[in-house]
Amino acid sequence: MDAFYIILTATLIALSCGLLGCFLILRRMAMVGDAISHAVLPGIVIAFLVSGTRDSFWMMGGAALLGIFTTFLIEFFHKRARLQTDAAIGVTFTWLFALGIILISVFAGQVDLDQECVLYGEIAYVPLDLWITESGKVLGPRALYIAGLVLLINISFVYVGYKELLLTTFDPTFAASIGISISLWNYLLMGAVSMTTVASFESVGAILVVALLVAPPATAYLLTDRFPALLAATAALAVAISAGGYYLAAWLDGSIAGAIVTVAGVLFGLAFLFAPRHGLLTRRWRQRRQRQALAEAAAGYRE
Amino acid sequence: MKIEAKDPVVEFHDLTASYDKKPVLWNIDMTLPQGALIGIIGPNGAGKSTLIKAAMGLLPLASGYVRLFDRPLDEVRRRVSYVPQRETVDWDFPTAVLDVVLMGRYGRLGLLARPGKADREIARECLRKVGMEAFARRQISQLSGGQQQRVFLARALAQEADLYFMDEPFSGVDAATESAILSILQEMTAQQKTVVVVHHDLQSAAEFFDWIVLLNMRLVASGPIEKVFTPDLLQETYGGKLTVLSEVGELVRKRQIPSREKY
């Protein structure tokens, strides 16, 4: 049962991250996920200090606000200070993350949080933290419910705003010309990324979140050439790497999060080499076959 | 030299726009007529693209206003179509040709609505008009520059607007595509639609347009081509650049001898 809970939680988180990641990589903002996942740290700490609880609702709220603030800062440095996007991202998130670390260390006595846990998380503990009702009924792991709720919110968000998200990603100028607000949809997407990142912190850690935001969509991008297919392939990869990662970790008796990212990396490598249209080796083979066919045709012509 | 349109569809009123705090358009004040193929001509950095972006509300104005169909843009958005420069989008995006044309229908659909059968029908028809129906299911990364431009034109047609702003629709296309696009634009103006085109090639401008706007950060001239496309005004627009001047002289000479082949 523990294996099932862990794989299911990982899958739900991977699905959420992959869904948003598809938009992020096409917007060339993959690393914004990285930035947000680190920059929300002060938001979590402040939310904790204000509310006094480690209730996920507060944490998520504080983090989502900080996530949007991060996006705003990145845009601001990029547009106003004419800084390159990647430089703006780098400056913003390292600074906010540092701020979060200072907050944690200053209030160390009062804060039951540490950056180790935020950065690395530990998915193996998912089945230990159960949601038990007042009447004593055990409903299953808390993280599972949070991951499910976050996935539901993300799916609804993308379902409602599918056209707008797609158009502001593909052709923002045209989107603006038909009256769709580019910045509104950008901030909504970033809000969703921050919410997802934070909700996934406790169970899987920031590093795994970044990997899940980028690796499955990037792999699916190599395999598909339609956006709906990209989403479907990303979802399939999310399931595959969660289950594959868990069993790899069980076999190695190692870190589950580490194993999940490893599997994601291996699948990306395979897609890079063998993808039907764009794979490195498939392209080589195709060229060689074409050359042979040409040579044969030329030989036949000479005869 | 400025000639006001009798039946104006577009009105720029004392418009000043800046880009990165540096003004690129000064006091543009003019009206453009309905049913005309209008060329915006000027040297690089003259603010041609900025002018149509300003008309579409895509950048903040320092002063002045634009009225389309005698109304603010937000009230008539569905009647107006904008075609960005081809280079502004990522042509490796995972999407098919027909999906891009369908985006032209998005402005008419509510938040939750998806393009329906009728929208698909219209999109197919628009692809047929630009001669790309065989490419409907193709991924856009497989298109040539001219084909990309045709797809953008099809998407604009799918908007079924009355006024079109196009940013360099003839840039980087082959001769066949150029004449195909031109004949579609002429067909549109014959149906009393208004087409405003940013164009940088003087040579073809002389043949394409009914109405010319000469722009070099300020408005040099606006009016019917036979009144405005003169050596003096072109010289004023392009400044004292010798090579351009001699080119202009050559052009005017060619225009007076109508022996030049039409494709």
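Cα-Cα over 20 Å: which of B:Lys2/B:Lys22; B:Lys22/B:Lys227; B:Lys22/B:Lys53; B:Lys2/B:Lys193?
B:Lys2/B:Lys22; B:Lys22/B:Lys227; B:Lys2/B:Lys193
With +1 assigned to the C-beta of every Lys and Arg and -1 to the C-beta of every Asp and Glu, and no other charges, what is the dipole magnitude of chain A about the Cα centre in debye, to the nearest 20? Spell out each step's value before the answer.
Values: 18 positive and 18 negative charges, 302 e Å.
That gives chain A a dipole magnitude of about 1460 debye.
Using the basic label-point model (7 angstrom from Cα toward the beta carbon), what is the A:Glu134 to A:Trp285 distance in nanometres?
6.4 nm
Once the protein assembly as shown is represented by equal point scatterers at the alpha-carbon sites, with solvent omitted, what log10 I(q)/I(0) does the Debye formula produce at q = 0.06, 0.08, 0.09 Å⁻¹?
Reported log10 I(q)/I(0), two decimals: -0.41, -0.68, -0.81.
Of all the Cα-Cα pairs you can form in chain B, what percent are over 22 Å apart? Before the final figure, lay out each step's value.
Details: 19551 of 34453 pairs.
Percent of Cα pairs beyond 22 Å in chain B: 57.
Given charges of +1 on the Cβ of Lys and Arg and -1 on the Cβ of Asp and Glu, with all other atoms neutral, how large is the dipole of the protein assembly as shown about its Cα centre, in debye to the nearest 20? Walk me through the intermediate numbers first.
Values: 51 positive and 51 negative charges, 265 e Å.
My answer is approximately 1280 debye.
For peptide B:79-91, what's the mean number of Cβ atoms from other chains within 10 Å of each residue's Cβ?
Going residue by residue through B:79-91 and averaging, the value is 3.
For the range A:74-109, run through the trypsin sites (Lys or Arg not before Pro) and keep only the ones in DSSP coil with at most 14 other Cβ atoms within 10 Å of their Cβ.
A:Arg82
In 10 Å bins starting at 0, how do the alpha-carbon pair distances of the range A:2-302 split up by percent?
Pair shares across the bins are 6, 25, 31, 22, 9, 4, 2, 1, 0.
Please report the relative contact order for the range A:2-302, taking Cα pairs under 8 Å with a sequence separation of at least 6, and give it as a percent rounded to a whole number.
27 percent
Put +1 on the Cβ of every Lys and Arg and -1 on every Asp and Glu Cβ in the protein assembly as shown; which of B:Ser49, A:Ala257, B:Ile181 then has its Cα farthest towards the positive end of the dipole?
After comparing all options, I get B:Ile181.
Name the helices (complete DSSP H segments) of chain A with a Cα length along the long axis of 18 Å or more and a Kyte-Doolittle mean of at least -1.0, or state none.
On the way: long enough: A:2-26 (36 Å, 2.11); A:56-80 (35 Å, 0.90); A:85-106 (31 Å, 1.85); A:142-160 (27 Å, 1.89); A:182-204 (33 Å, 1.07); A:206-223 (26 Å, 2.22); A:227-252 (36 Å, 1.58); A:256-274 (27 Å, 2.46); A:280-302 (33 Å, -1.23).
Correct list, ordered by number: A:2-26, A:56-80, A:85-106, A:142-160, A:182-204, A:206-223, A:227-252, A:256-274.
Can you give the local net charge around B:Ala134? Use residues other than it whose beta-carbon is closer than 13 angstrom to its beta-carbon, Lys and Arg +1, Asp and Glu -1.
Value of the local net charge: +4.
Kirkwood Rh, the range A:165-286, all Cα pairs: how many Å?
Working: mean 1/r = 0.0616 Å⁻¹.
Over the range A:165-286, the inverse of the mean reciprocal pair distance is 16.2 Å.
Work out from phi, with θ = phi - 60° and the Karplus expression 6.51 cos²θ - 1.76 cosθ + 1.60, the ³J(HN,Hα) of each residue of the range B:43-53, listed in order in whole Hz, and give x for Gly and Pro.
These are the phi-based 3J(HN,Hα) values: x, 4, x, 7, x, 5, 5, 4, 4, 6, 5 Hz.
For B:Ala221, which sequence-distant residues (separation of 5 or more, or a different chain) have an amide H within less than 5 Å of its own amide H, given hydrogens modelled in the peptide plane?
B:Leu214
So how do B:86-94, B:126-134, A:60-68 stack up, highest first, on mean other-Cβ count within 10 Å?
Highest to lowest by the protection proxy: A:60-68, B:126-134, B:86-94.
Which shape class applies to the range A:183-244: rounded if a/c is under 1.5, otherwise prolate when a/b exceeds b/c and oblate if not, where a ≥ b ≥ c are the square roots of the Cα gyration tensor eigenvalues? Write out the running numbers ahead of the final one.
Details: a/c = 2.56, a/b = 1.15, b/c = 2.22.
Judged from the Cα gyration tensor, the range A:183-244 comes out oblate (a/c at least 1.5, b/c at or above a/b).
Using only the alpha-carbon atoms of the range A:8-70, report the extent along each of the three principal axes, biggest first, to the nearest angstrom.
38, 30, 13
All of the numbers you see were taken from the coordinates with simple rules; none came from a lab. A quick note: this is a predicted structure, and the numbers were derived from the prediction, not measured. Here the Cβ is made from the backbone with ideal geometry for all residues, glycine too, and neighbour counts use every protein chain on show.
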